Amino acid sequence: MNFLEERINKDGIVKAGNVLKVDSFLNHQMDIALIEEIAREFKRRFHDKPVTKVLTIEASGIGIAVFVAKEFGVPMVFAKKSKSINIDGDMYVAEVESFTHKNKNQIIVSKKFLSADDRVLVIDDFLANGCALQGLISIAESAGATVEGLGIVIEKGFQIGGRVIRNLGYHLESLAIVDAMDTETGEITFRDQSAQ
Ligand code: 5GP
């Protein structure tokens, strides 16, 4: 069991509706020593990629992506959620359906901050159905940038996102993959990634 799986086992809470709550250490209160370790692990897994920018989505991706960007020595850009329909031509736009809030948002990134020269590492806290990642990929590709890889802290392997993104040919690394969670007992089963 890796450091993150141990922490999820200790402090993660299984909620109804396939939601795993990790707000005591990852996406509300943040354990900075843990986030630094997560960032070092992403750096280790993507060390051979010529990353020029780390891209994430507000809100909970930001705190993690900051530390990853620091490891790579590059800027971090986060896509903003916007309800406005009057988005001007200076923005890249994608539509994302939120897994946790069940609503649709447009996400936007200013054209000033992503270009065809960029080689992007996409970072997020969770991967469920893959909408957030697909939106970020779409934004990077609208800019003509190259998606070098995608780094996820917790993938829920029983939802479809991971399979979809890998089938599209992207290099996706998830530090913990939850294959099952039991709402009754709170038991969490992780995928064995040691063979990779
Ligand atoms: P997707 O777009 O892949 O369906 O969902 C990913 C997004 O939904 C992430 O950005 C994350 O914020 C949120 N999310 C999805 N599943 C969970 C979960 O089990 N727990 C928490 N805390 N957030 C989740």
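The values are calculated or read from the model by the stated rules, or taken from the named source; none is laboratory data. Being a predicted model, the structure only gives us computed values, none of them experimental. Heads up, the Cβs are rebuilt from the backbone with ideal geometry, glycines too, and the neighbour counts pull from every protein chain shown. Calculation scope for accessible area: heavy atoms of the full protein, side chains included, ligands and nucleic acids excluded. Shrake-Rupley method; radii C 1.70, N 1.55, O 1.52, S 1.80 Å.
Computing the accessible area with a 1.4 Å probe over protein heavy atoms, can you report the carbon and sulfur percentage for the chain? Using a 1.4 Å probe with all protein chains present, the chain comes out at 48 percent carbon and sulfur.
Relative to the Cα centre, what is the charge dipole magnitude of the range 1-73, using +1 at the beta carbon of each Lys and Arg, -1 at the beta carbon of each Asp and Glu, and rounding to the nearest 20 debye? Show your work: numbers first, answer last.
Numbers: 11 positive and 11 negative charges, 41 e Å.
The calculation lands at about 200 debye.
Loop-resident trypsin sites (Lys or Arg not before Pro) (DSSP state other than H, G, I, E or B) in the range 95-168 with no more than 11 further Cβ atoms inside 10 Å of their Cβ: Lys102.
Skip the ligands, DNA and RNA, and give the accessible area per residue of the range 3-190 with a 1.4 Å probe, whole Å².
Numbers: 8970 Å² over 188 residues.
On a per-residue basis, 48 Å².
Taking 0.36 nm per residue of separation and subtracting the Cα-Cα distance, full extension of the segment from Thr100 to Arg40 would add 18.8 nm. With a Förster radius of 22 Å applied to the C-beta separation of Met30 and Ala180, the computed FRET efficiency comes to 0.25. May I ask you to list the residues of the range 37-71 whose amide nitrogen lies under 11 Å from a point 7 Å from Cα along the Cα→beta-carbon direction of Asn2? The answer is 38-46, whose backbone nitrogens lie closer than 11 Å to the label point.
Available extension along the chain between Asp48 and Lys15 is 8.1 nm, counting 0.36 nm per residue and deducting the alpha carbon span.
Just in the range 1-102: which GluC sites (Glu not before Pro) are loop by DSSP and have at most 10 other Cβ atoms within 10 Å?
Working: sites: Glu5, Glu6, Glu36, Glu37, Glu41, Glu58, Glu71, Glu95, Glu97; in loops: Glu58.
Passing both the DSSP loop test and the Cβ count: no residue.
Straight-line reach from Lys70: taking Cα to Cα under 23 Å and skipping same-chain neighbours fewer than 8 places apart, the lysines in range are Lys43, Lys49, Lys53, Lys80, Lys111, Lys112.
Can you give me the Cα centroid spacing of the range 36-79 and the range 152-196 in angstrom? For the range 36-79 versus the range 152-196, the Cα centre distance is 20 Å.
Charge dipole (Cα centre; +1 on Lys/Arg Cβ, -1 on Asp/Glu Cβ; no other charges) of the chain amounts to roughly 440 debye.
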